[in-house]
1. Go through B:V391, B:G256, B:V429 and say which Cα lies farthest out towards the positive end of the charge dipole of chain B; charges sit on Cβ, +1 for Lys and Arg, -1 for Asp and Glu.
2. Looking only at other chains, what is the average number of their beta-carbon atoms within 10 angstrom of each beta-carbon in B:180-187?
3. Which value in Å is the Kirkwood Rh of segment A:365-464 over different Cα pairs?
4. Using a 10 Å cut-off around each Cβ of peptide B:214-227, what is the average number of partner chain Cβ atoms that fall inside?
5. What would the Debye formula give as log10 I(q)/I(0) at q = 0.14, 0.15 Å⁻¹ for the alpha-carbon point model of segment B:123-362, no solvent?
6. Would you kindly calculate the translational diffusion coefficient of segment A:266-413, applying Stokes-Einstein with the Kirkwood radius from alpha carbon pairs, for 4 °C and a viscosity of 1.567 mPa s, and quote it in µm² s⁻¹ without decimals?
7. Please give the charge dipole size of the protein assembly as shown, origin at the Cα centre, charges +1 on K and R Cβ atoms and -1 on D and E Cβ atoms. Round to the nearest 20 debye.
8. Roughly how big is the B-A contact, given as buried accessible area in Å² (both sides, 1.4 Å probe, nearest 100)?
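The values are calculated or read from the model by the stated rules, or taken from the named source; none is laboratory data. If you're wondering where the values come from, they're calculated on a predicted model, not measured in any experiment. Cβ placement follows ideal geometry from the backbone for every residue including glycine, while neighbour counts extend to all protein chains displayed. These accessible areas exclude ligands, DNA and RNA; they are computed on the full protein's heavy atoms, side chains included. Shrake-Rupley method; radii C 1.70, N 1.55, O 1.52, S 1.80 Å.
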There are 2 protein chains.
Amino acid sequence: MADLHIQINRDKGGIAGQIASELRDSIRGGRLTPGTRLPATRDLATDLQVSRGVVVEAYEQLVAEGFLVSRVGVGTQVTPKNSVGTLRGSPRAAPLRAKPVRSTLWAGAGSPYYGHRPTSPDLGHFPRERWLAAVRHVLATVPSDALDYGDPGGVPELREELAGYLRRVRAADVRPENLVIVGGVAQGLSLVLHVLSQHRALRLAVEDPTSHRQVPLLRRAGAHLVPVPVDEEGLDTRRLSGDAVLVTPAHQFPTGVVLSPSRRAALMEWVFAGNRVILEDDYDAEFRFDRDPVGCLQGLAPDRVILSGSVSKALAPGLRMGWVAAPPELAEAIRRARGELDLGSPVIEQYALAHFLRTGGYDKHLRRMRREYRRRRDALVAALSAELPEVQVKGIEAGLHAYVELPDGWNEHEVARIAHTVGVSAEPVAPMREAPGPPAVVVGFARLPAHKAAEAVREIKGRMSV
Amino acid sequence: MADLHIQINRDKGGIAGQIASELRDSIRGGRLTPGTRLPATRDLATDLQVSRGVVVEAYEQLVAEGFLVSRVGVGTQVTPKNSVGTLRGSPRAAPLRAKPVRSTLWAGAGSPYYGHRPTSPDLGHFPRERWLAAVRHVLATVPSDALDYGDPGGVPELREELAGYLRRVRAADVRPENLVIVGGVAQGLSLVLHVLSQHRALRLAVEDPTSHRQVPLLRRAGAHLVPVPVDEEGLDTRRLSGDAVLVTPAHQFPTGVVLSPSRRAALMEWVFAGNRVILEDDYDAEFRFDRDPVGCLQGLAPDRVILSGSVSKALAPGLRMGWVAAPPELAEAIRRARGELDLGSPVIEQYALAHFLRTGGYDKHLRRMRREYRRRRDALVAALSAELPEVQVKGIEAGLHAYVELPDGWNEHEVARIAHTVGVSAEPVAPMREAPGPPAVVVGFARLPAHKAAEAVREIKGRMSV
């Protein structure tokens, strides 16, 4: 049994989070080696003089993130990391209740490139005053040379702040030199695929259903797409093939599924079994409502996972600001590509975001919006359940949209159209490769105030029965 | 003889510019057809009750821009536009005094991707207060939806303002729908080449010497480069080959040559003789010191010329903001590519630039900087002539750098190194393909205050003789 050396600061609160964080650091730092058994939750709770529930929560968090595995008859132990044999033998590799969700291609109406999306945040809450204050601070303080041709990898101050943020909030394993600042996840993916496919044609496994908006990007970048079905545990890792896989583990788009712990483990197994990489789109990771967000995959295997994220949900898509965290050599290749292709992102807003992160404005805004979005989500779910009990609402543990399965015979295009007429942002889901399942729409709740949800759903219902 | 219908507003000033502008519009609008003879300058001056010099200036401007041709024994006539036969017969096609300048590849020290360049503007003069005011205006006025996913072609308000600006200042023939807002000229070129080379490998003629920083971009985009020498009239059009040509007619980099009227005509002839296009980098066009800037090539053949420009010299490279003006179909293809690859440029600063243009802040800043840079240029040239009469200073009619040819035996790397040690931004020029000419350095004067030029050059001289 391991001596855990866990230090708790009782004044700080978030005891479960502190325990998880200490354990995570110990695993990363090598003090807790793969296979090490952890104390039973009851024993550790006694040792630390905390309630058992707190320890259970910490363990569950780390199991969800893939740092720990929990087996019947064995207890909880440190995941035999990078060890294919051990993972392969694990009973966890067999998924539970893996009922296939339909395989679909997300197909929206109108232009696929711009305008309002169901997944857009409520931009009425964009912190205009505080953002202006950040820009003012930048223009009052940066030296003139900062406005010259900059490092195409991004402003150093921002990479420093972001590395800290991603370590703290996403349990990522990044240093500033792993980060490249980009104009959002789309550009991040474009650059990564550009670099990865320079020497060989890349067979890229993608979730099916996936974001229809991304498919042209992936094809334009020269990737050969291999659709892999998504079920209620997320990407079906048993059907994986290709040289690389693009996943949205925090909140799958469009189904809203959070990748299950066993699938996370299986994904790690797959990536280490060959010379493969994971492109992790940290989609909707900021908005996990029911618990602390599960750490990103990148933190488990920083040499094999390329993490992309952006401020599009947290602040605004129009800022076009995001990041790629990649192993050092790849990060340098991406930076070099950007240094040739477009010389990097605009600098003033990079400095502004760094200031916003450093002064806590970003965290504060996120906390406020998380509360607000949770209220809106709950109101939408309640309204749907009261007014349209025929539909099944899924994927609402995180993110800004619900995946709404419709009864057989309902037309998803018609439902989306009607929702639009009453001001609710919805888009139909359409097949990509596999057999059809129930029709579904994605419904965005970020812009639907809680007090209007019931009325909006009633109105949709009314127009549907006409 | 044409009836010219020229309207002059004597209260406005800039009479020559008004005459040129009216004639340009008449040619574009088809009221003055190709081949039409214009009145003799003396006659038109009498008609309009202006001095003859004013008419000469207007005609010269339009000859320089390629709208008019002036032949001995024939007088001045509207250029037989798009007509290869007529231009081919023109005595202007034979260049005067076309002494070859050496063919070189521009090779700088240190990272080719970022940091201070000899061609960078003086960022100490970046209008921080006014830029902040523009951002404040944007954040106080734009609707929330403006912060959502935007048109990947750019914010409509900015395209509107820019189209007006480019028509007015660069004699470009653009409407907002021809424009795509991009992250600077590098991204503009990347996107144009990406789109042009989707269906065939593109043989791209490039100026030799050229910007060494651009070569990796062009190669990465899949272009096969065909170097074409630059002489004292600019690109040697007699030696052109390929499917497309990339030129910097306003101020060639690095030689500083302004493309001569006959070469402009020959370039037009070449582009219309085959299914070819011109990629026009409107490099340094903002800073023409000796006269009104020559209009861009794009205004002569909007169906064949793709114009790229940016605010990097006028405001700051760190803003990463520029534009591409292309024929509608190509503009749409570029916009679509951007809509997949990175979803467009950040919107707040696009709105800010639109506001800055609309309220005259951009013009005012340019006028102020043009005066200041002219002072600095004159001071540097005077200092070089007084202290180092052995060198030959070229290419100073426009732009932010001088092309300084060194006597045989001087080492351009050593000179650039010494200049750097005394704070003068200089980079050596090195061969690309052709036979060597005199060694040369590019010396930036934008950041060298006029009152320090003499001392700086004396110091360089002193250190060289050690």
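1. Of the options given, the answer is B:V391.
2. Whole-number average of other-chain Cβ neighbours for B:180-187 is 4.
3. Answer for segment A:365-464: a Kirkwood hydrodynamic radius of 13.7 Å.
4. Mean shielding count: 2.
5. One equal scatterer on each Cα of segment B:123-362 leads to -0.89, -1.02.
6. 70
7. 180
8. Roughly 5200 Å².
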